[in-house]
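Contents: one structure, followed by commentary.
The values are calculated or read from the model by the stated rules, or taken from the named source; none is laboratory data. Treat the numbers as computed from the prediction; the structure is a model and nothing was measured. Backbone-built Cβ (ideal geometry, glycine too); neighbour counts: all protein chains shown.
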Amino acid sequence: MFTTLISKVRARARKQRLTNRKWARKTLVIGPAQPVDGDSVACTAAVLAHLRKKGVEAYTLPTLAMYSQIDWILTRDDIHPACRTAMNGNLTTANLQAAYDAMLAEWRPDEVVLVDGHIPGFDLRGIKQYMIDHHIREGVGEVDDKSAFIKLAPSVGCLLVEYFGIYEPILAVSILTDTYWFRQNLPAQAVKTMAVLVENGLTDQLLSIYQKRLMVHKDSNILVAIRKSDMRFALNGEVAFVVLDETDPEIHRGVMGELGYFCHHMCVVRGDGYVSFRTTDDIIDLRPLATRYGRGGHAKQAAGQVDPRDKAALDRLFEEFVETVAPAEAQASAGR
Ligand SMILES: [Mn+2]
């Protein structure tokens, strides 16, 4: 009991120290080179907003990748004007080092704050780095010193709220995306942090704007491709077999995704003859079938190749796929 008390006192002292952290007069805030996601981008925006409210200079760099779900979080004003020449229209660059060096020529930060990762993806040219991360790396563990604050948490946004006293509403995006809407990654702890954001100005209106922007619609051509396809079902609807005219890999992937809502086992032939096999059942090994069809893969997800104009070959593939996954359905019905 005494040791719990000591650790509580220590935790409170740490929170106070980080909340009162002396930020540099000029700060560059960045996410890791990869992946660019809702956590890294929302945390970058939040730290920028926090520092600018304190009246200090803060900027970020363009990123290697950006996605339409999250590109609204940052604006051109967040990126230092000197790197805009090395930048594409959607706040990205092909060369992080060039963008950083162009910025250094005009504006030299005292500190680079890296959120949600440990690899900036370019040489910092001797400028001091401070890392805030929620990934505990093997051999590194939790860190709390001049170089980093690393602690297990649902998202970096949660660390910013809980330890750094940063309550920017945009951190809701960090929490929602990294926990996949409270489905994974310490969701109960994430709910607690979300409540703190609500107490500090996160409204229903803001949250519904964020949600709408995060939920980008799927390509409706996925539905068109399904409508035009040759679609067959077997084993009480647990098996779907689909032959598409469509050759676009994204549409093909989208069709597989949709079928996952309905079936345990899916086989989708793309217009160019590429075949995707997928099952949700651990007792099935799709690899022998995939190998017979000229490719391979994993036990539960594999690929093959077939001539899409050969009707007999497609019928045979359908039969063989049903045969391959049938033991799973037999076991399931025996278990009932
Ligand atoms: Mn993260």
Report task. Mind telling me which of the residues 24, 58 ends up being under 19 Å from residue 129 (Cα atoms), more than 16 Å from the ligand (Cβ to nearest atom) and part of a loop (DSSP other than H, G, I, E, B)? Result -> 24
Query - Long-range neighbours under 6 Å by Cβ, at least six apart or interchain, first residue without any contact (Cβ under 8 Å) to a residue 60 or more places away in the chain within the stretch 260-271, second of a type in the set (D, E, K, R) and in a loop (DSSP other than H, G, I, E, B) - result: 263/238; 271/245; 271/246
Report task. Go over the candidates 46, 105 one by one and state the one that is within 16 Å of the ligand (Cβ to nearest atom), at negative phi and either buried (at least 22 other Cβ atoms within 10 Å of the Cβ) or in a helix (DSSP H, G or I) (or both). Result -> 46
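Here is a yes/no grid of residues against (1) under 26 Å from the mean Cα position of the chain (by Cα); (2) in contact (Cβ under 8 Å) with a residue 60 or more places away in the chain; (3) assigned to a loop (DSSP other than H, G, I, E, B):
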| residue | (1), (2), (3) |
| --- | --- |
| 32 | yes, yes, yes |
| 52 | no, no, no |
| 70 | yes, yes, yes |
| 77 | yes, no, no |
| 90 | yes, no, yes |
| 99 | yes, no, no |
| 113 | yes, yes, no |
Query raised in the report: Taking the stretch 162-180 only, how many residues are over 29 Å from residue 22 (Cβ atoms) and surrounded by 13 or more Cβ atoms within 10 Å (Cβ to Cβ)?
Result: 3
Report summary line: Residues of the stretch 144-165 being more than 15 Å from the ligand (Cβ to nearest atom) and part of a loop (DSSP other than H, G, I, E, B), in sequence order, are 145, 146, 147, 165
Query raised in the report: Going by the structure shown, is residue 19 among the β-branched types (Val, Ile, Thr) and assigned by TED's automatic domain parsing to the domain that holds residue 87?
Result: yes
Query raised in the report: Do the conditions hold for residue 190, that is, is it within 16 Å of the ligand (Cβ to nearest atom) and either under 30 Å from residue 242 (Cβ atoms) or aliphatic (A, V, I, L, M) (or both)?
Result: yes
